[in-house]
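Worksheet for the structure shown next.
The values are calculated or read from the model by the stated rules, or taken from the named source; none is laboratory data. Fair warning: this is a prediction, and the values are worked out from it, not measured in the lab. Cβ atoms come from the backbone with ideal geometry, glycine included; neighbour counts cover every protein chain shown.
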Amino acid sequence: MKNRLKVLRAEQNWTQANLATELEVSRQTVNAIEKGKFDPSLPLAFKIARLFGLPIEKIFFDDQ
Amino acid sequence: MPKPGTYAARELKNALWAVFSSLAWGLSIALSIAGLANAQEPTLFFVIFVLVINFGIGVAAVMVHVHWLKNSDEMIRKIWIESMAMTFGVLWIVLGSLLILAKAEIISIDHKVVGLLFVLSGVGFATGGFRTLRY
């Protein structure tokens, strides 16, 4: 699954560590999600969406 | 050092507790076996005492690990659970092989071999978990 997390984070001038603190996850998890190596659970995806004030489908995209 | 009260600080504290409890458990087992080996004639009371200590520290270590995993984030938890599964599998394969070799009287299994299995499982678990550092 692809996502725009890196772009959205950059728009806020946040580091991965800042975003990780906001989401209460590790920096490694933020990095893995940004690189598309780890797909977040629905609760975490909703948390990310709430944080950026966007619907989930504006952040995460299906590969196919 | 992570800021107090953040996820990173809690994760570090829980991980350190898990490492220290594992070391304490391993040390208690090593000291217990050394104590039994050095005792001229270990009394039943001493053996029960050693078993109770091992059980107590072991249960505490398991609870510390469960607490750590429950409070880890979903990716970290997934990696460590996969690492545990791999360790468990490797341990069974090695143990099965050792039992076959022992039955065929090619090797003999004593407490040192069993002790090595503990070390193997610890190293396997830690190695698997180091995948978290890749990110």
Does B:Ile48 fit the bill of being within 13 Å of the chain's Cα centre (by Cα) and in the same structural domain as B:Tyr7 (by TED's automatic domain parsing)?
no
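I'd like to know if the range A:46-57 contains one or more residues that are under 19 Å from B:Ala8 (Cβ atoms) and crowded, with 19+ Cβ neighbours inside 10 Å.
First pass over the range A:46-57, keeping only residues under 19 Å from B:Ala8 (Cβ atoms): A:47-48, A:51.
Filter again for crowded, with 19+ Cβ neighbours inside 10 Å, leaving A:48.
For the range A:46-57, residues under 19 Å from B:Ala8 (Cβ atoms) and crowded, with 19+ Cβ neighbours inside 10 Å: present.
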Which of the residues spanning the range A:12-57 are within 12 Å of chain B (Cβ to nearest Cβ) and among the polar types (S, T, N, Q)?
A:Gln16, A:Asn18, A:Thr21, A:Ser26, A:Gln28, A:Thr29, A:Asn31, A:Ser41
Going by the structure shown, is B:Ala39 within 14 Å of chain A (Cβ to nearest Cβ) and free of Cβ contacts under 8 Å to residues at least 40 places away in the same chain?
no
Expected single match for on the phi < 0 side of the Ramachandran plot and among the charged types (D, E, K, R) among B:Glu105, B:Glu41 is B:Glu41
Lone qualifier among B:Gly26, B:Gly115, B:Gly58, B:Gly35 - being more than 30 Å from A:Arg27 (Cα to Cα), assigned by TED's automatic domain parsing to the domain that holds B:Gly128 and in contact with a helix residue (DSSP H, G or I) (Cβ under 8 Å, 6 or more places away or on another chain):
B:Gly115
